[in-house]
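One structure below.
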Amino acid sequence: MEQLTVVALITLLAASAVELTALIPRVRAGYWLTAAAAVVALAVCAWLLADGGAVAFDLWSPAPSMRLEWRMDGLGALLGAVVALVALFASVFAVGYSHPRRVDDAVYPLFVLSMFGVAGAGNVFTFFTMWEAMALTSFLLVLGDGRSHTQQVASLLYLGMTHVATVLAVASLLLLADAAGSQEFQRMGLAQAGGSARTSLALSLALVGFGTKAGLVPLHIWLPRAHPVAPSHVSALMSAAMVATGIYGLVRVAFEFTGPGEEWWGIMLMAAGAVTAVLGVLYALMEKDMKRCLAYSTVENMGIVTIALGAALSFRAASLPGPAAAALLAAFVHLANHAVLKSLLFLGAGAVQHSAHSLDMDRLGGLLRALPLTGVAMLAGSLGLASVPPLNGFTGEWILARSLISLAGSGAGIATGLAAAGALALLALTAGLALACFVRLFGMTFLGLPRGGTADACHEPSRLMTVPVLGLAALAVAAGVGAAGLVRLLRGVPASLAGSPGADSGAAFHRVALSGGGSFSPVVVAIAVLALAAVPWLVLRALFGATRHSRGPVWATGGAFAPGMQYTATSLSKPVRLFFRRILLPEREIQVDYHGTSLLPRRVRYSGRVPATFEERVYAPLRSVAIFSARRIRALQNGSVEVYLLYIFVALLAMLVVAR
Amino acid sequence: MSAAAQAGLGAAQVAFVVLAAPLLQGFVRKLKARAQARSGPPLLQSYYDLFKLFARSEMRAETATAIQALAPWAVLGATLAAALFVPMFAAASPLGRDGDLLVVIGLFALGRAALTLGGIDSGSAFGQMGSSRELALGALVEPALLLSLASLALAAGTTRLDEIVAFGADRELGFIDLQWGLALVGLSIVTLAETGRIPVDNPDTHLELTMIHEAMLIEQSGRSLGVLHLSGMIKQLLLASLIANLFVPFGLHRDPELASYVGGGALLVVKVGVVGAALAAVESLFAKMRLYELPDLIGSASLVALVAMAITVWEL
């Protein structure tokens, strides 16, 4: 397995080199090599997940305290598998997504490499080397050619936020490494820090630091800006795989490096997750740009995963390892399923953009006729993210809802029980809103007639773009109906983190069961739905004969139907906007121009928007403070060498005094 | 339960909901007419309507894709599948081991997805208006439904609907407490919303300003329309059965003989009849609320159910 890992890493480096030097023009060799490396990496991770154990070797040691150490255990393999899976499909899609060769093409394999490296880091130094490489490569990919204002703003915002977050994450891991007396992840895991002020601080820092990467509200604002700007295959990697690295860091800190702790840890995570989930999906419903909508949906799903982590922490604090493992399993299952669904939808959005030259859901429509294959795949993905059974998005939420109900009934303390009940309520609200969000996304893009422009010129993109999208759709269905298999593959990781097997498949191979009452068999559900649709169809056909149908125009109260009569994405979500107006704070303005002094209106102009409340009310004041203080601090920089030498001397003295 | 008994019970439940759902609809309509001092349509009118629709040819919109034709069958499949997880004639359901209350809620969501996509498909503004409203209301209903059922699950210590019914049947009158009452209020409001009845929706009107469910069906005709009407009636019967058996589980057996299935079935008919009468009473006594006032009503259902959960947590 070591050799295979090294092969994967070297292939990724080679992929970058090939693109950088343009050795093989015409063929996108870099992307093909990345896909090949992803297959190898996927094999390694699948083997690790199925078998347990770890792959460990030293990469490079430039100095005694700076050892690049590779150690991929079950948890790392889980993240590695997510990264490799998304990279495989995204890379094939990228080959078909013809675009002029740029330096980005050489950065792309390095981005995959760094994410895989985060999963395989064996100590704090390696972890942050890879983490920083991931941040910089993805920054370059978001920046692109850097010509448009959107690219510049998005990439700089991302760069700034990710670095503030990295500082906090480093502080968190160093606090724990100091307590454990080692920077090696394996030793830090053995020395589990207990519930103390220092551990609480480390956990809180990790929540903010890693939570920024995962897009937790209110640290999410970079995500809907940065993810959609990049080309679709990069968006897929960022939104499906890179957010998972944030969750991964949080899990390492909260479950491996710290032991059972305070009651409020779990409540803090559940609250953060529930708020993130509801606000994420609400803002997703207000977006008319398809990729921004998907990015907000990522925020929602990371919220759901964080609720599961909080529930697991609460179970562990109450010394209930079995249910803790089950809640962790919910997080991992949802993370994996979300990765499949979100890469499917981002790649599908790429296909839509490729053929319709727009992502504006207020103008798109009727694409199902022009893009039947992409459309069917997107339907599967949309239903998956709407979390309806038997598709894969439902599995994780089923386990999570079960866990929250049993947490409320576990007697783990009144505060925890009430938090679990509240989280359950918000989880259900999130699921209902997600259904609205993805029916809207699919319906407004693929059904009806185009709301602006025409769909005539659109056609299915090249096979290299449709095959990955269809492959991911097949995977989404398979992972949904075969949820028991997925659970069996993933359950080793939460079992080893929580110290108890949390879920089993019951007596039957097709069933997902948690300890204590209630199990779920997606196979049986799928068969029941199909059979109970087919049997009545046959019965009615036998009794009343085959249906005949004729076609007629859409009924438009007697007038002629025109595409402009249709609802748009914005009007479809109007009831939600009004129901949640106290949270969304929508603004609208109606301007009427009159004919001279008469009362006859000449023109009525309407404009409305949902403000990005967090950016305007939280970040804008912070930004003003930062700019104001930067101006003041500039007084220190007066350009005189003597003064700078003085600063150095003072700083040195101060350090000596502190370090003594 | 043996596989044969499971299959038999499954067939019996599916046959029961398909055959009895139009009767419940007719019964409610008849009671409502009587309350308004009209004689109303015959009790069996819903069957006549369905037969008429099933035999007719269909008119589809030129702009519609296959989604419009497939949606009715998906809705029916999801609704009938949900019937297999609901305990009806006993404290047992055909597929109790393969799905719990969360799966029933999930299947309702699947039905809603198919229904709303069908409404959007043709491009008709009416269909899309209905879908828009249904999606927003559905998002509010989901927490109310889940919390109402979860507060019972919390007391019973299981999410399986058949085991919750068995738990209640064993406890007899001890099953009735404050949480029981609050959950009943929550589920009742959910039932009004999910069956498209006043004060949420008006099943008797085709006035575009007020309609939700009928608007989504506007481009459907013939057999497809019949299937969608039947699915709506089945969902109504399922929710009525849930209220009947979850809140009045007395006399239902866990592992019954054939005779006690029959007895449980007779009990169910009586209990569902009472629920239907309550639906007719609410429809006669109240006026339809404005769409934008509905969050208050459905939100209060969620809140009441949340209080029920909180009390149970407190007592544990």
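Determine, yes or no, whether B:Leu117 is modelled with pLDDT of 95 or more, crowded, with 24+ Cβ neighbours inside 10 Å and facing chain A (nearest Cβ under 8 Å). Explain how you work it out, then say what you get.
On the way: modelled with pLDDT of 95 or more: yes; crowded, with 24+ Cβ neighbours inside 10 Å: yes; facing chain A (nearest Cβ under 8 Å): yes.
Answer is yes for this residue.
So, B:Glu62, is that one without any contact (Cβ under 8 Å) to a residue 12 or more places away in the chain and among the acidic types (Asp, Glu) or not?
yes
Only one of (1) more than 8 Å from every other protein chain (Cβ to nearest Cβ); (2) buried (at least 24 other Cβ atoms within 10 Å of the Cβ) is not met by A:Met444, so which one is it?
Among (1) more than 8 Å from every other protein chain (Cβ to nearest Cβ); (2) buried (at least 24 other Cβ atoms within 10 Å of the Cβ), the lone unmet condition for A:Met444 is (1).
When the residues of the range B:156-174 are narrowed to those that are buried (at least 24 other Cβ atoms within 10 Å of the Cβ) and assigned to a helix (DSSP H, G or I), which ends up nearest to the chain's Cα centre (by Cα)?
Among residues in the range B:156-174 that are buried (at least 24 other Cβ atoms within 10 Å of the Cβ) and assigned to a helix (DSSP H, G or I), the one nearest to the chain's Cα centre (by Cα) is B:Leu161.
Within the range A:275-298, does at least one residue satisfy the condition of being within 24 Å of A:Trp131 (Cα to Cα) and surrounded by fewer than 24 Cβ atoms within 10 Å (Cβ to Cβ)?
no
Identify all residues within the range B:208-237 that are β-branched (Val, Ile, Thr) and away from chain A (no Cβ under 11 Å); write none if there are none. Step through it out loud before you land on a result.
Here is the first cut: in the range B:208-237, the residues β-branched (Val, Ile, Thr) are B:210, B:212, B:218, B:227, B:234.
B:Thr210 - this is the single residue of the range B:208-237 that is β-branched (Val, Ile, Thr) and away from chain A (no Cβ under 11 Å).
What number goes with the only condition from (1) hydroxyl-bearing (Ser, Thr, Tyr); (2) at pLDDT 95 or above; (3) assigned to a loop (DSSP other than H, G, I, E, B) that A:Thr430 does not pass?
So the condition that A:Thr430 fails would be (3).
Looking at this structure, is A:Leu391 surrounded by 24 or more Cβ atoms within 10 Å (Cβ to Cβ) and either under 19 Å from the mean Cα position of the chain (by Cα) or part of a loop (DSSP other than H, G, I, E, B) (or both)?
Working: surrounded by 24 or more Cβ atoms within 10 Å (Cβ to Cβ): yes; either under 19 Å from the mean Cα position of the chain (by Cα) or part of a loop (DSSP other than H, G, I, E, B) (or both): yes.
In short, yes.
Residues of the range B:116-133 being without any contact (Cβ under 8 Å) to a residue 24 or more places away in the chain and of a type in the set (S, T, N, Q), which ones?
Result: B:Gln128, B:Ser132.
When the range A:519-533 is examined, which residues are found to be more than 7 Å from chain B (Cβ to nearest Cβ) and either touching a residue at least 12 places away in the same chain (Cβ under 8 Å) or more than 22 Å from A:Gly384 (Cα to Cα) (or both)?
Of everything in the range A:519-533, those that are more than 7 Å from chain B (Cβ to nearest Cβ) and either touching a residue at least 12 places away in the same chain (Cβ under 8 Å) or more than 22 Å from A:Gly384 (Cα to Cα) (or both) turn out to be A:Pro522, A:Val523, A:Ala526.
Return a yes/no flag: does the range A:448-462 have any residue that is within 7 Å of chain B (Cβ to nearest Cβ), touching a Ser or Thr at 6+ places or on another chain (Cβ under 9 Å) and either at pLDDT 95 or above or closer than 18 Å to B:Leu145 by Cβ (or both).
Step one: filter the range A:448-462 for residues within 7 Å of chain B (Cβ to nearest Cβ), giving A:448-449.
Narrowing further to those that are touching a Ser or Thr at 6+ places or on another chain (Cβ under 9 Å): A:448-449.
Within this subset, residues satisfying the condition of being either at pLDDT 95 or above or closer than 18 Å to B:Leu145 by Cβ (or both) are none.
No.
Looking for something in a loop (DSSP other than H, G, I, E, B) and under 21 Å from A:Lys342 (Cβ atoms) - is there at least one such residue anywhere in the range A:461-470?
yes
How many of the residues making up the range A:389-426 are among the β-branched types (Val, Ile, Thr) and more than 8 Å from every other protein chain (Cβ to nearest Cβ)?
3
Which of the following residues is touching a strand residue (DSSP E or B) at 6+ places or on another chain (Cβ under 8 Å), closer than 30 Å to A:Leu368 by Cα and assigned to a helix (DSSP H, G or I): B:Ala74, B:Ala69?
B:Ala69
Mind telling me which of the residues A:Ile267, A:Ile247 ends up being β-branched (Val, Ile, Thr), more than 16 Å from the chain's Cα centre (by Cα) and closer than 29 Å to A:Ala421 by Cβ?
Testing whether each residue is β-branched (Val, Ile, Thr), more than 16 Å from the chain's Cα centre (by Cα) and closer than 29 Å to A:Ala421 by Cβ leaves just A:Ile267.
Could you say which residue among A:Phe139, A:Phe125, A:Phe210 is over 30 Å from A:Gly53 (Cα atoms) and at pLDDT 90 or above?
Exactly one of A:Phe139, A:Phe125, A:Phe210 is over 30 Å from A:Gly53 (Cα atoms) and at pLDDT 90 or above, namely A:Phe139.
If you check B:Leu279 against the conditions, is it in a loop (DSSP other than H, G, I, E, B) and among the hydrophobic types (A, V, I, L, M, F, W, C)?
For B:Leu279, the condition - in a loop (DSSP other than H, G, I, E, B) and among the hydrophobic types (A, V, I, L, M, F, W, C) - is not met.
Of the residues A:Ala77, A:Ala56, which is assigned to a strand (DSSP E or B) and either surrounded by 13 or more Cβ atoms within 10 Å (Cβ to Cβ) or more than 27 Å from the chain's Cα centre (by Cα) (or both)?
Numbers: A:Ala77 fails: assigned to a strand (DSSP E or B).
When all the criteria are applied, what remains is A:Ala56.
Looking only at residues in the range A:304-320 that are part of a helix (DSSP H, G or I) and under 12 Å from A:Ser410 (Cβ atoms), which one is farthest from the chain's Cα centre (by Cα)?
A:Ala317
Which ones in the range A:541-569 are in contact with a helix residue (DSSP H, G or I) (Cβ under 8 Å, 6 or more places away or on another chain), in a helix (DSSP H, G or I) and more than 7 Å from chain B (Cβ to nearest Cβ)?
The answer is A:Leu543, A:Ala569.
Can you name the residue in the range A:105-134 that is of a type in the set (Val, Ile, Thr) and in contact with a Ser or Thr (Cβ under 7 Å, 6 or more places away or on another chain) and is also surrounded by the fewest Cβ atoms within 10 Å (Cβ to Cβ) among such residues?
Selected residue: A:Val107.
Among the numbered criteria (1) touching a Gly at 6+ places or on another chain (Cβ under 7 Å); (2) of a type outside the set (Lys, Arg); (3) buried (at least 20 other Cβ atoms within 10 Å of the Cβ); (4) within 14 Å of chain A (Cβ to nearest Cβ), which single criterion is violated by B:Leu316?
The number of the failed condition is (3).
Just to verify a result, which residue in the range A:369-388, among those that are surrounded by fewer than 24 Cβ atoms within 10 Å (Cβ to Cβ) and not small (Gly, Ala, Ser), is farthest from the other protein chains (Cβ to nearest Cβ)?
A:Leu373
The values are calculated or read from the model by the stated rules, or taken from the named source; none is laboratory data. Predicted, not measured: the structure shown is a model, and the values here were computed from it. Positions of Cβ are generated from backbone atoms using ideal geometry, with glycine treated the same way; all protein chains shown enter the neighbour counts.
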